[in-house]
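Notes follow once the structure below has been shown.
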C-alpha cells in the first residue's frame, strides 16, 4: 500500500471515530446520560415485554426529567402512581409504578405518550425498570436505559 493510500485510510478511520464520538455527545445532552432505547435482537427483556426499538427524542427528555426530579411537563400529575389497571405490565404492589408525560409535538396536550417507571423509592431516584407507551397505555415496551 502506498504511503498516500495509508494516510487516506488513517484519516478516514479518524473521521469515522470522531463522527461516532460527536453522535454520542449529542445524544447525551447537558443533563447527563440519555436513554438508550434501541432494538436488541435476540435479547429478552426483564419484564417479558418487547424491548423498545427507536423512540422519539422526547422520551430522552422525560428520562432526564425523572432522573433530576423535574421539571415535568405536568408537575401536578407526573410522578404520580400508575395503577396498571390495564394489566399489561408485570403485577406489582400498588405504588410500585409511576407515570410521566412524554411530549408529543403536533398533538393536543398532553398527548398519548407516557413513560412508566418501576421500583423508585422516591421521586428523583433511579428506577429499577422503565417502560414506554406511545398510545396511552394500549401497549408498552421496555426501555433499555443507560
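Condition first: in contact with a helix residue (DSSP H, G or I) (Cβ under 6 Å, 6 or more places away or on another chain), within 15 Å of residue 52 (Cβ to Cβ) and part of a loop (DSSP other than H, G, I, E, B). Now tell me which residues in segment 92-120 satisfy that.
Scanning segment 92-120 gives a single hit, 102.
Of these, 81, 38, 117, 101, which one is modelled with pLDDT of 95 or more and surrounded by fewer than 17 Cβ atoms within 10 Å (Cβ to Cβ)?
Only one candidate qualifies: 81.
Do we find that residue 19 is modelled with pLDDT under 95, surrounded by 17 or more Cβ atoms within 10 Å (Cβ to Cβ) and either over 16 Å from the mean Cα position of the chain (by Cα) or not in a helix (DSSP H, G or I) (or both) in this structure?
Spelling it out, it is not the case that residue 19 is modelled with pLDDT under 95, surrounded by 17 or more Cβ atoms within 10 Å (Cβ to Cβ) and either over 16 Å from the mean Cα position of the chain (by Cα) or not in a helix (DSSP H, G or I) (or both).
Okay, residues lined up against (1) surrounded by fewer than 10 Cβ atoms within 10 Å (Cβ to Cβ); (2) modelled with pLDDT under 95; (3) in a loop (DSSP other than H, G, I, E, B); (4) in contact with a helix residue (DSSP H, G or I) (Cβ under 9 Å, 6 or more places away or on another chain):
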site: 1; (1), (2), (3), (4): yes, yes, yes, yes
site: 10; (1), (2), (3), (4): no, yes, no, no
site: 13; (1), (2), (3), (4): no, yes, no, no
site: 89; (1), (2), (3), (4): no, no, yes, no
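Is there a residue in segment 121-132 that is part of a loop (DSSP other than H, G, I, E, B) and in contact (Cβ under 8 Å) with a residue 60 or more places away in the chain?
Looking for residues that are part of a loop (DSSP other than H, G, I, E, B) and in contact (Cβ under 8 Å) with a residue 60 or more places away in the chain, one finds at least one in segment 121-132, hence yes.
The values are calculated or read from the model by the stated rules, or taken from the named source; none is laboratory data. Here the structure is a predicted model, which is why all the values come from computation and not from measurement. Neighbour counts are summed over all protein chains in view; Cβ atoms, including those assigned to glycine, are modelled from backbone coordinates with ideal geometry.
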